[in-house]
Amino acid sequence: MAEFAAFRLVSAPASTSNYLAMTRFALLLPLVFASCASLQSPVPPGTKARDHGKIGATEGPVWKEGSLYFTDGEHINRLGPNGRTTVFRDQAQSHASNGLLFDPQGRLIACESKARRVTRTEKDGRITVLASRYQGHRFNSPNDLALDSQGRIYFTDPRYGPRTGMEIRDAQGRAIEGVYRIDAPGKVTRIEVPGIERPNGILIGPGDRHLYICDNNNDTHGGSRKLVRFDLTADGTAVKAGSAKVLFDWRDSRGPDGMKRDTAGRLYVAGGLNHANEYETTAFKAGCYILSAGGRLLDFLPTAPDEACNCAFGGPDRKTLFITSGKHLWSLPVNATGWSAE
């Protein structure tokens, strides 16, 4: 009705100035409707997530041609259209892969945490090393990936667990857990992200305007557990000074891990914990936190048995949300379409 009413107003203007004003209003309506949609939960009433079982779904979920690929800390696995899970890449080849994505050419990009590198699998099966060192020093353990509109790859490089062997350091000799961009194989730039302690999940927004970072320093008392958004410069080479905005704070619980975005601007963030430990409480339960573009909590999808690590959109229409949690895989249909930079 709103769209029809707007059309009637524009088609019968009282004057040229009114016509121009009403035309501008009509052109803005799609943006208004998208904004309204982004402030609503995309989960149909009464919908519950389906547990696909303990199939080793821990990290890196990504959809391609009817299958969901994910990692279990050792292998890269594939959930096929027949509902069966098979090993896509074994332990010797996976190198404890974490984050995964497919580029616009359909090539698999992987954060090989154990090998401390980012690789691309070519169509003929050859492995191209995209990044293994920065200024001559090995990375910590590449974790998650994102593409921008130009096909450049951004990745995070935290270190969880023992901190021995960390080679990349700042001018004061402090170990760096950084964010990097790959422009071509071996051509790597570090992106300064002020205030970020331990970058984990990463996302580049539409038009390359924003960089989202899941800051998840979860094995330190008082560590940061926040989702932070930065404004990117027009060429994507840096974040704008003073642009950091905390969208959501998990405080002393398990912080945000992986995330995705839908076409209405909502953010889907895996985080929280169901069993407390020395460093984390259960104030925020394990599951997927659905946020508006501005960080308002719209809905929460609980998962079990414990930590929720990542999520992805899939299905033929990209309207199925998959969540990896405690080696289980969860899925549910949503009234939203997953967004991709491809």
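Laboratory data are not the source of any read-out in this text; all were calculated from the coordinates shown. These numbers come from a predicted model, not from an experiment.
Helix 2-11 and the longest principal axis of the Cα set of the chain meet at an angle near 50°. The angle separating the long axis of helix 16-37 from the principal Cα axis of greatest extent in the chain is about 40 degrees. Centre-to-centre separation between the Cα atoms of the stretch 289-311 and those of the stretch 78-96: 26 Å. Largest GNM mean-square fluctuation among THR220, THR189, THR164, using the chain with Cα springs under 10 Å: THR164. Which of these, PRO45, PRO185, PRO256, has the largest mean-square fluctuation under a Gaussian network model of the chain (Cα springs below 10 Å)? With Cα springs under 10 Å in the chain, the top fluctuation among PRO45, PRO185, PRO256 is at PRO45.
Cross-link candidates for LYS319: which lysines have Cα within less than 18 Å, leaving aside residues fewer than 8 places away along the same chain? Counting by Cα, and skipping residues close in sequence, LYS319 has these lysines nearby: LYS48, LYS64, LYS260. Shape analysis of the stretch 28-138 yields a ratio of the Cα radius of gyration to the Kirkwood radius, Rg/Rh, of 1.10. Using a Gaussian network model of the chain in which every pair of alpha carbons under 10 angstrom is joined by a spring, one finds that among ARG107, ARG138, ARG163 the greatest mean-square fluctuation is at ARG163. For the chain, what does -39500 (n - 2.57) per DSSP helix run (n ≥ 4), summed and divided by total residues, give at 222 nm, in deg cm²/dmol to the nearest 500? Mean residue ellipticity at 222 nm (helix-derived): -3500 deg cm²/dmol.
Annotation: aspartates and glutamates with alpha-carbon distance below 14 angstrom to LYS54 (same-chain offsets under eight excluded): ASP72, ASP306, GLU307.
Could you tell me what a quarter of the Cα convex hull surface of the stretch 119-184 works out to, in nm² with one decimal place? The partial results should precede the final answer.
Working: hull surface 22.3 nm².
Averaged projected area of the stretch 119-184's Cα convex hull equals 5.6 nm².
Mean separation of Cα pairs under 8 Å and 6 or more residues apart, divided by the residue count, gives the stretch 228-285 a relative contact order of 26 percent.
The convex hull of the Cα atoms of the stretch 199-242, projected and averaged over all directions, covers 3.4 nm².
With Cα atoms as the point set, the chain shows a radius of gyration and Dmax of 21.0, 74 Å.
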